[in-house]
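Engineer: Okay, here's the structure, questions in a sec.
The values are calculated or read from the model by the stated rules, or taken from the named source; none is laboratory data. Please read these numbers as outputs of a predicted model, since none were measured by experiment. With ideal geometry, Cβ positions are generated from the backbone for all residues, glycine too; neighbour counts draw on all protein chains shown.
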Ligand SMILES: Nc1ncnc2c1ncn2[C@@H]1O[C@H](COP(=O)(O)OP(=O)(O)OP(=O)(O)O)[C@@H](O)[C@H]1O
Ligand SMILES: [Mg+2]
């Protein structure tokens, strides 16, 4: 499934009289190929999460369009993996995974089979009966990935899925995600702040400008697959890292200067939508 984004603009209006306006995206043009592992990187506040929310249908754009182009039309076009897993705490692992099939009222035997299949894929079958509070951060993220896959989407969007994990778990999960993607090719759009992560996982990486976000450049990662930890020793890996950082550092600097602390204090952090709003 190809994702064609054209002129995507988002303005948030808030405050009691609608007096506060934030331009989060200012005309994003992007084309993500079928089965591509596509990265998005950019300074904080540049609109990455907003972009993913629009793709997942959690927010409506102010202007512009998103088109999903492919032969198949599935019920679930896009699944989202959130930074904090966003599992339902009162449900066990095996009841968290089949949210999509359950929502579409698929029969119990079908969604049980799907759940088992994907829990096995992320190696979490032994924890089927556990509640999220009994799992480590990495395990929760694996369940969130299984839930996204169980929804059988054409496109998976991931918002810094490993950001809250320790460095080693992060490395392991990157490798697991890569091997799942190799087997189960979906179009993946991954937002990350980590340049190494972007280069290790992605076919191409879009670098966004400081707020309001536009796509500054798209870098092709010319590294052979399958990739893994050892890919980081490839000189092309370092070259690519360098190229992305060259593009990014100016934008990060600009975002830091513009994000004056007094401005941040004036605006309380907006309440983000979560899977629960969706559900
Ligand atoms: N619901 C909302 N209401 C008002 N403003 C919002 C809302 N959601 C996001 N924004 C604003 O839109 C801009 C982009 O936010 P967004 O969360 O998309 O950035 P981001 O690139 O994901 O940042 P980070 O890297 O820190 O996660 C920010 O200025 C943010 O304050
Ligand atoms: Mg974000």
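Engineer: Please enumerate the residues belonging to the stretch 103-116 that are surrounded by fewer than 20 Cβ atoms within 10 Å (Cβ to Cβ) and at pLDDT below 90.
Structural biologist: Scanning the stretch 103-116 gives 103, 104, 105, 106, 107, 108, 109, 110.
Engineer: All but one of (1) over 29 Å from residue 104 (Cα atoms); (2) touching a strand residue (DSSP E or B) at 6+ places or on another chain (Cβ under 6 Å); (3) within 16 Å of ligand 2 (Cβ to nearest atom) hold for residue 203; which doesn't?
Structural biologist: (3)
Engineer: Quick test for you: out of 61, 101, 16, pick the one residue that is without any contact (Cβ under 8 Å) to a residue 12 or more places away in the chain and more than 30 Å from residue 222 (Cα to Cα).
Structural biologist: 16
Engineer: Considering the stretch 193-213 alone, what residues qualify as being surrounded by 19 or more Cβ atoms within 10 Å (Cβ to Cβ) and over 19 Å from residue 182 (Cβ atoms)?
Structural biologist: 195, 206, 207, 208, 209, 210, 211, 212, 213
Engineer: Does the stretch 36-63 hold any residues that are more than 13 Å from ligand 2 (Cβ to nearest atom) and within 23 Å of residue 246 (Cα to Cα), and which are they?
Structural biologist: 37, 38, 39
Engineer: Further question on the same structure: Just one of (1) within 16 Å of ligand 2 (Cβ to nearest atom); (2) modelled with pLDDT of 95 or more trips up residue 33, so point out which.
Structural biologist: Failing condition for residue 33: (1).
Engineer: Here's a check for you: in the stretch 153-169, which residue that is surrounded by fewer than 17 Cβ atoms within 10 Å (Cβ to Cβ) and assigned to a loop (DSSP other than H, G, I, E, B) is farthest from ligand 1 (Cβ to nearest atom)?
Structural biologist: 166
Engineer: Please find, within the stretch 170-192, the residue that is surrounded by the fewest Cβ atoms within 10 Å (Cβ to Cβ) out of those that are in a strand (DSSP E or B) and within 16 Å of ligand 1 (Cβ to nearest atom).
Structural biologist: Residue satisfying both the conditions and the ranking: 191.
Engineer: Check 42, 70 and return the single one that is closer than 30 Å to residue 207 by Cα and away from ligand 1 (no atom under 14 Å from the Cβ). Steps first, answer last, please.
Structural biologist: On the way: 42 fails: away from ligand 1 (no atom under 14 Å from the Cβ).
It is 70.
Engineer: So which of 74, 62, 50 ends up being at pLDDT below 85 and on the phi < 0 side of the Ramachandran plot? So that I can check it myself, show each step before the final result.
Structural biologist: Working: 62 fails: at pLDDT below 85; 50 fails: at pLDDT below 85.
Residue meeting the stated conditions: 74.
Engineer: With the structure loaded, tell me whether residue 21 is in the same structural domain as residue 214 (by TED's automatic domain parsing), out of contact with any helix residue (DSSP H, G or I) (no Cβ under 8 Å at 6 or more places or on another chain) and more than 14 Å from ligand 2 (Cβ to nearest atom) or whether it fails that test.
Structural biologist: yes
Engineer: Here's a follow-up. Where in the stretch 1-102 are there strands (runs of 3 or more DSSP E), lying wholly inside it, with at least 1 residues that are surrounded by fewer than 17 Cβ atoms within 10 Å (Cβ to Cβ)?
Structural biologist: 2-14, 20-32, 63-69
Engineer: Here is a further query. Does residue 148 count as in contact (Cβ under 8 Å) with a residue 40 or more places away in the chain, assigned by TED's automatic domain parsing to the domain that holds residue 91 and farther than 14 Å from residue 180 by Cβ?
Structural biologist: Numbers: in contact (Cβ under 8 Å) with a residue 40 or more places away in the chain: yes; assigned by TED's automatic domain parsing to the domain that holds residue 91: yes; farther than 14 Å from residue 180 by Cβ: no.
Spelling it out, it is not the case that residue 148 is in contact (Cβ under 8 Å) with a residue 40 or more places away in the chain, assigned by TED's automatic domain parsing to the domain that holds residue 91 and farther than 14 Å from residue 180 by Cβ.
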